[in-house]
Amino acid sequence: MFILKGHPPISNTGSFARDSLANERTYLSWTRTALSLVFLGIGLERFETLREDIMRIPLLTPSTSTPPTSPPPIPTAPLFASAPNSPSANPLASLLTTYERLSPNKKVSLILSGSGAVIAVQNHFKESAARQDSS
């Protein structure tokens, strides 16, 4: 059976080193991708925080020559919608409520970082399974 015209198929015998190195390259490329997603998410979140800080700085107008002495208060949202020790507190519902209050950029950064973490964990288990199969 010919795959390409004029080229017979090459049998794959005794190529443990080649297969092992190919698995290692795949593992490293997935690890690089996962780390890139995590760092992209962290960087996006840091830029969003910087943007929020810049937006809070009052601009000087010609009528005022000095900025206010105290910065405006930073709005903080509680992590849980209700008290965490109350019996009616549902951690998942309160976490979703907190997620809904995030800005779109922070949501994207959270999704990027989470995706990178999931890819890294999945990659680790695939690589450990491949190493067990090869030995």
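Nothing in this text is a laboratory measurement; each read-out follows from the coordinates by a stated rule. Since the model is a prediction, treat every value here as computed from it, not as a measurement. Note that each Cβ is placed from the backbone with ideal geometry, even for glycine, and that neighbours are counted across all protein chains shown.
For I57 paired with L95, estimate the spin-label separation in nm (one decimal), with each label point 7 Å from Cα along the Cα-to-Cβ line.
Label at I57, label at L95, 3.6 nm between them.
Given a Förster radius of 30 Å and the C-beta distance between L50 and V121 as r, what FRET efficiency does 1/(1 + (r/R0)^6) yield to the nearest 0.05?
0.50
Stretched out fully, how many nm does the piece from S128 to K5 gain, at 0.36 nm a residue minus the Cα gap?
Between S128 and K5, full extension yields 40.4 nm more.
In nanometres, what is the gap between the two model label sites at F39 and V108, each 7 Å from Cα along Cα-to-Cβ?
Taking the two extended label points, one gets 1.9 nm.
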